[in-house]
Amino acid sequence: MIVLNVNGTKMQADADPDTPLLWVLRDNLGITSVKYACGIAECGMCTVLIDGEARRSCIVNAGDVQGSEITTIEGLPENHPVKVAWIEKQVPQCGYCQPGIMLHAVDFLSRKPNPTGEQINDAMDNVICRCGTHPRIRKAIQMAAEMTAKQGGKS
Amino acid sequence: MNTHITRRDFLKKTSLVIAAAALPGGVNLFHVSPALAGADAPFKPHAFLEIAADDTITVWVGQTNLGQGTHTGIPMIIADELDAAWEKVQVKMALAAEPFKSPVWHMQATGGSSSIRHRWDLLRKVGAAARQMLVEAAAEQWGIPAEKCVTKDGSVTHPDGRSLTFGQLTEAAGKRPVPEDPPLKDSKEYRIIGTQRKRLDIPDKVMGKTVYGIDFTVPGMCIAVVARPPRYGASPQSYDEKAAMAVKGVIKVLPLENRIAVCAETTYAAMKGRNALNIKWSEGSQPNLNDDTLDALFKEHLGKPGAVAKNDGDVKKALEQAAQTMEQSYKLPYLSHAQAEPINCTAHVEKERCRIWTPTQGQTDTQLTASKLTGLPIEKVEVMTLPAGGGFGLRGEQDPVEDSVLLSKTLNRPVKVMWTREDDFANDRFRPASQCRIKAGLDKDGRVMAWSHTVAAPSVMSRLMPEYVKDGIDGDAVSGITDMPYDLPNLLVNYVMVNSPVTVGWWRSVGYSVNAFAVESFMDELAHAAKKDPVQFRLDHMEKGGRPYNVLSLLAEKAGWGTPVPEGRARGVAATSCFESFAAHMAEVSVSKEGKITVHKMVCAIDCGTAVYPDAIRAQAEAGVVMGLSVAFHEKVRFENGGVKTANYDDYPVLTLSDVPETEVHIAQNNLKAGGVGEPVFPSVAPAVANAVFKATGVRLRELPFKRELLIRG
């Protein structure tokens, strides 16, 4: 039995500790916003925040993060600047990769609240969006940064 | 096209069918509002539309939501003709059913950019018919002629200013006959079509609430992962069932023809169980097949005459008379769809019915597949199309449907078949590779007199719709050549079908994705040989004032063609006409001494007829650039030892953010029939870049993906 703290709630899962966090979240806990796509930490679609840091849940053993705070997209408030910007800039197409990419962006913006275009390109270069929403991802990150700055730097 | 069927019969047919239903088991995935759930006697004149007493308007869509925007564009068309208040409109996915079949193809499928272009009249009539019924109901109540009533924003208004909402009129309107030929709006009267709207499916996608096929669960379900042959034609010779069953959570190991399924309580257990099988496979049909043998096969076929797909004028004679002739070859690889969500399908076969939940692009085929395997009549196969994490043509394939139906039948419980990413690459139905040779002749004024084009490529149609392959010609394999947007007096197109174990399938823009690269690269080579400007040279071969001519002119104007190019950069263009639309691209590039190409800017111009949902068109066009560049720079499936070598995204890199240029999209304004969007914005991207690279370096890139080593200087 594994105990995980997901989005502020303690949850129990009947899974071996070496099961990837991705599959415990999806199959045992029913949190399907965390997406499977490659299983080798190449695409970023399974990204979650672990103690605020973006990690690829397909290569994290669930047993290793039992004491950590795990955040999925549902754990961000609906008025979170990244969510607001993603809707305002109409980013998603199929949308499958977006929760992972948004969490990746949340981590990045927490470290670089006023990023340059080049910093955005560098930071977001290791996630895959097959639909090709990249131009809008870029705009949404800029907008989220501006919103956060207006709100006094808190996101 | 069979649009006459639509006009005459659609309302009669559709009014009889209550096709739409929410998901069983109380799981409502599609924005069902509490207000609607409580409303009684909604007005449902046909399968596409219902209006509730509380004014909620529900548009039922039969087209797959792949993120292309049609789940907003389709409601926009219906709502406009209805004069609905847009904020009252919601969209839901319907179960597969007769009324949702394409009036052109007579099957329900999402592909070929057909969702709107095949239903342009149909969808408008759906809205217009309902509007007419609501107006007649109000007029009757007020005792005035219907012509005196005005509709706007979900209400009917009396000349004295009184009004009734659509919701208030539903009961009376529902008793009226459905008009067969309701008048349609003049495009000047559109209030929703052509306007900026927010996509209806985006909030749920951003909040993580969208349930894709892969996320779907149903009580009692188990998950199956299937070991498929690692080489074409291979089958299992031995496997360790005990070891798989020993994995915690594994329920059953079931061999199916040439593959073995492991069914388990969880996905991870099924994956571990499959690994434990330790299957020994036979060597397959062509154990030596690899990149080199395939390349040689194409080369060999290119030397054959093939079948004549088009023969206008007298190419042989014209080539003899030409002032100048040129000959070149082009080469394109097999491509994977590499869509984000791996292939999956959930099925539950019961005694009297079969239910299927899957992100299919081919609903009718899914029904037919399940019907055949279960022996149930087609109407007993319920197909609920779930939102798809990309598709690009792959999701019309029925492999996961077959497996989930067979397994559910055997296990007598719902089964979700899941492919891993490795399964996806190994079992993809690839975009055909292609090699071609073109010979053309210019007259003394630099006009193209003759064009002779031979293509060696596999045929998709031979597998999927063999009845459309006649005299050795697959029309898709030569599309973009036989119908290139140029008027040429002498055009000969030969097709040599390449047969190999590598299975090919539909892929974004189909034949155009291949052939536009060759045609548009060679047009550029001819323009250079004729010492003409590449835009002017193309225009000179197009009908003046025609749509391809106008869209290329629009591109040239908006992209500042002919204006000074920033230091160190060069521009290139390309154009294509396909899926009833017309598109062109301009690329602005620079090339470093080390051969690195930087695309600084892309400009796209598209004429897709009436621009129903401009922001979705822009989104598709931006995305077409990203995918087009990805294909130009990176994508190629590799083969070895009789099977697919490419296994995951690490050896099939796709374009990422730092290589995505600034992109401008310009949409031609007209009120013509709506054409396709998702496909036409793709083919001219790669050739525009190749042509810009030539301008920058003098080096022609005639193979995709581009070979950087050809560009290293000094």
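The values are calculated or read from the model by the stated rules, or taken from the named source; none is laboratory data. The model shown is predicted, which means the values in this text are computed figures rather than measured ones. Here Cβ is always computed from backbone atoms with ideal geometry, including for glycine, and neighbour counts include all displayed protein chains.
So which residues in the range B:112-145 are closer than 30 Å to B:L368 by Cα and surrounded by fewer than 24 Cβ atoms within 10 Å (Cβ to Cβ)?
Listed by number, the residues that qualify are B:G112, B:S114, B:R117, B:W120, B:D121, B:L122, B:R124.
Inside the range B:593-631, can you point out the residues that are away from chain A (no Cβ under 11 Å), acidic (D, E) and surrounded by fewer than 22 Cβ atoms within 10 Å (Cβ to Cβ)?
Residue satisfying the conditions is B:E594 alone.
Between residues in the range A:65-76 that are facing chain B (nearest Cβ under 9 Å) and residues that are hydroxyl-bearing (S, T, Y), which pairs lie under 7 Å by C-beta distance while being six or more apart or on different chains?
Taking only residues 6 or more apart or on different chains, the pairs are A:T72/A:S33; A:I73/A:S33; A:E74/A:S33.
Check whether at least one residue in the range B:652-670 is of a type in the set (S, T, Y), modelled with pLDDT of 95 or more and assigned to a loop (DSSP other than H, G, I, E, B), and report yes or no.
yes
Listed here are the residues, each with its yes/no results for (1) surrounded by 18 or more Cβ atoms within 10 Å (Cβ to Cβ); (2) within 27 Å of the chain's Cα centre (by Cα); (3) in contact (Cβ under 8 Å) with a residue 60 or more places away in the chain.
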| residue | (1), (2), (3) |
| --- | --- |
| B:A296 | no, no, no |
| B:D312 | no, no, yes |
| B:S329 | no, no, yes |
| B:P342 | yes, yes, yes |
| B:H348 | yes, no, yes |
| B:P359 | yes, yes, yes |
| B:D365 | yes, yes, yes |
| B:L368 | no, yes, no |
| B:I378 | no, yes, no |
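Given the residues B:E525, B:E588, which is the only one that is surrounded by fewer than 24 Cβ atoms within 10 Å (Cβ to Cβ) and either under 20 Å from B:A668 (Cβ atoms) or of a type in the set (D, E, K, R) (or both)?
When all the criteria are applied, what remains is B:E525.
Do we find that A:N79 is facing another protein chain (nearest Cβ under 8 Å), without any contact (Cβ under 8 Å) to a residue 40 or more places away in the chain and more than 12 Å from the chain's Cα centre (by Cα) in this structure?
No; evaluated as a whole, the condition is false for this residue.
Do we find that B:T366 is farther than 23 Å from B:T420 by Cα and touching a strand residue (DSSP E or B) at 6+ places or on another chain (Cβ under 7 Å) in this structure?
No; evaluated as a whole, the condition is false for this residue.
Take the residues in the range B:542-554 that are in contact with a helix residue (DSSP H, G or I) (Cβ under 8 Å, 6 or more places away or on another chain) and of a type outside the set (G, A, S); name whichever of them is surrounded by the fewest Cβ atoms within 10 Å (Cβ to Cβ).
Top of the filtered list is B:E543.
Which of the residues that make up the range B:638-651 are surrounded by 22 or more Cβ atoms within 10 Å (Cβ to Cβ) and in a loop (DSSP other than H, G, I, E, B)?
B:G642, B:T646
Within the range B:471-500, can you find the residues that are out of contact with any strand residue (DSSP E or B) (no Cβ under 9 Å at 6 or more places or on another chain) and either part of a loop (DSSP other than H, G, I, E, B) or more than 18 Å from B:Y512 (Cα to Cα) (or both)?
B:D487, B:N499, B:S500
I need every pair where a residue in the range B:192-213 that is more than 7 Å from chain A (Cβ to nearest Cβ) has its Cβ under 7 Å from the Cβ of a residue that is assigned to a helix (DSSP H, G or I) and of a type in the set (G, A, S), sequence separation at least 6 or different chains.
B:I192/B:A79
Matching residues to (1) in contact with a helix residue (DSSP H, G or I) (Cβ under 6 Å, 6 or more places away or on another chain); (2) buried (at least 24 other Cβ atoms within 10 Å of the Cβ); (3) more than 7 Å from chain B (Cβ to nearest Cβ):
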{"site": "A:P99", "(1), (2), (3)": "yes, yes, no"}
{"site": "A:L103", "(1), (2), (3)": "no, yes, yes"}
{"site": "A:G117", "(1), (2), (3)": "no, no, yes"}
{"site": "A:N121", "(1), (2), (3)": "yes, no, no"}
{"site": "A:R130", "(1), (2), (3)": "no, yes, no"}
{"site": "A:Q142", "(1), (2), (3)": "no, no, yes"}
{"site": "A:M147", "(1), (2), (3)": "yes, no, yes"}
{"site": "A:K150", "(1), (2), (3)": "no, no, yes"}
